[in-house]
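Participant: Got a structure for you, written out below as C-alpha cells; questions coming shortly.
Rule-based calculations on the coordinates, nothing more; no lab input. Just so we're clear, the structure is a prediction, and the values are computed from it rather than from any experiment. So basically every Cβ, Gly included, is an ideal-geometry build from the backbone, and we count neighbours across all protein chains shown.
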Amino acid sequence: IVESLEPPQPGEVNFFGLQADPNENFDLHVTVLIRNGSDRNIQIQQLPLQIEDASGDIVAKGSFELDDFEIKANTTKPWTFIFPKQLLLKEEVDFTRWRVMPIQNEE
C-alpha cells in the first residue's frame with residue numbers, strides 16, 4: 001500500500017487512513033499510516049485526532065498520549081488508535097469514504 005501512494009512532500013508529515021471499524025463494544029478502531037517526509041526522525045508525545053465520515057461530519061475526536069513514539073526520517077509507520085465509544089460524536093456513520101487528521105489548535 002505504501003509504495004502505491006504518492007510520497008509526502010519533503011518535510012511533510014501526513015496521515016493516511018487505512019481502516020475504520022467499530023467493534024462489538026462500539027469503540028472505533030482506526031488504523032492509520034503516519035508518513036514522515038522529513039529528513040529527520042520525529043517524536044510524537046501527544047496526538048489529538050479527529051475522524052470525518054463520507055458526509056464530512058466529525059464522527060470522533062480524541063487525544064492520544066504516546067510514549068517513545070518515533071517515526072524515522074522518510075518512512076511510514078502504521079498505528080491503530082482506539083476511540084472509546086464515549087468519544088464518538090455521531091451514531092449513523094458512513095465509512096465508504098473517511099479521513100483522519102490531527103486537530104489544529106482551536107483559538
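Participant: Asp39 label point, 7 Å along Cα→Cβ, cut-off 14 Å on backbone N: hits in segment 59-80?
Facilitator: Inside the label zone: 73-74.
Participant: Still on this model: For Asp53, Asp27, what's the fewest-to-most ordering of other Cβ within 10 Å of each Cβ?
Facilitator: Details: Asp53 19, Asp27 16.
Final ranking by Cβ density, sparse to dense: Asp27, Asp53.
Participant: Turning to a different aspect of this structure: In segment 9-91, which GluC sites (Glu not before Pro) are in a loop and have at most 16 other Cβ atoms within 10 Å, using DSSP for the loop call?
Facilitator: The qualifying sites are Glu12, Glu24, Glu91.
Participant: Using Cα pairs closer than 8 Å and at least 6 residues apart in sequence, work out the relative contact order for segment 2-91, in percent.
Facilitator: Value for segment 2-91: 31 percent.
Participant: Ranking Ser55, Ser4, Ser63 by Cβ neighbours within 10 Å, fewest first, what do you get?
Facilitator: Ser4, Ser63, Ser55
Participant: In addition: List Ile1, Ile71, Ile103 from most exposed to least, where exposure is judged by having the fewest other Cβ atoms within 10 Å.
Facilitator: Ile1, Ile103, Ile71
Participant: If you wrap a convex hull around the Cα atoms of segment 2-91, how much volume per residue is inside, in Å³? Don't skip to the answer; put the middle values down first.
Facilitator: On the way: hull volume 9.7 nm³, N = 90.
With only Cα atoms used, segment 2-91 gives 108 Å³ per residue.
Participant: Counting other C-beta atoms within 10 Å, and keeping those with at most 15, which DSSP coil trypsin sites (Lys or Arg not before Pro) do you find in segment 37-77?
Facilitator: Arg40, Lys72
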